[in-house]
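Data first, discussion second: the structure below is written as structure tokens.
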Amino acid sequence: MSLDTASEALLADARAQAGAVLADADREAAERLADAHARAEALIARAREQGEAEGRIERGREEALESLLARTDVLAARRRAYEELRRRARGAVLGLRDEPQYGELLDRLAAAARRDLGAGAQIELDPPGLGGVRATAGSRRVDYTLVTLADRCVDELGPRLPRLWT
């Protein structure tokens with residue numbers, strides 16, 4: 001075998017080995033690239049699912065906040081209506097002071113105060129801005145002012161009050 005022939009054989013063998021190494025490297029690169037693509041797709045899918053889940057959570061939060069704000073508005077409107085009812089009830093009972101029978105009403109309220117506190121009760125008739133009667137006997141007190149009586153009537157609506165809103 002001549003040097004040229006041996007050299008060509010070695011070169012052919014080296015080329016074959018290099019070709020095999022390059023083919024293995026290409027195959028391995030292709031496998032790694034496919035694996036990287038698969039992992040990237042999985043990460044993207046997971047990120048998309050997480051983003052959608054977070055979006056649903058955020059929408060839920062927004063809906064809960066909107067519901068809370070709507071409920072707050074409803075309660076505020078009901079509170080205003082309740083306060084208006086109280087104001088009108090007070091105004092209506094204070095209007096009794098202008099009626100001819102108001103003196104009789106004061107007498108009946110004073111009699112009720114004496115019945116509750118005793119004959120020695122100190123009676124205050126028609127307190128300014130309140131009307132009606134206040135009375136004391138020692139440390140005991142009764143308040144039969146028109147404003148207090150109107151407030152009690154409104155308060156006693158209690159469980160029936162929601163019917164006003166419907």
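Here, region 122-166 is characterised by an Rg to Rh ratio of 1.19, where Rg is the alpha-carbon radius of gyration and Rh the Kirkwood radius. Among 75, 146, 22, determine the one that fluctuates most according to a GNM of the chain built with springs between C-alpha atoms less than 10 Å apart. Maximum fluctuation in the GNM of the chain, among the listed residues, is at 22. Under a model in which nothing but the beta-carbon of Lys, Arg (+1) and Asp, Glu (-1) is charged, the chain shows a dipole of about 1980 debye around its Cα centre. Electrostatic tally near residue 136: other residues with Cβ closer than 12 Å to its Cβ, Lys and Arg +1, Asp and Glu -1, net +1. Taking other Cβ atoms within 10 Å as a rough exposure proxy, 123, 44 sort from fewest to most as 44, 123.
The rule of thumb for compact globular proteins, 2.2 N^0.38 Å, goes into the C-alpha radius of gyration of the chain 3.02 times. Comparing 45, 110, 76, which has the greatest mean-square fluctuation in the GNM of the chain with Cα pairs linked when under 10 Å apart? In this elastic network of the chain, the residue with the biggest mean-square fluctuation among 45, 110, 76 is 45.
Read-outs: derived from the displayed coordinates by stated rules, not from any lab. Values in this document were obtained by computation on a predicted structure and should not be read as measured data. Here Cβ is always computed from backbone atoms with ideal geometry, including for glycine, and neighbour counts include all displayed protein chains.
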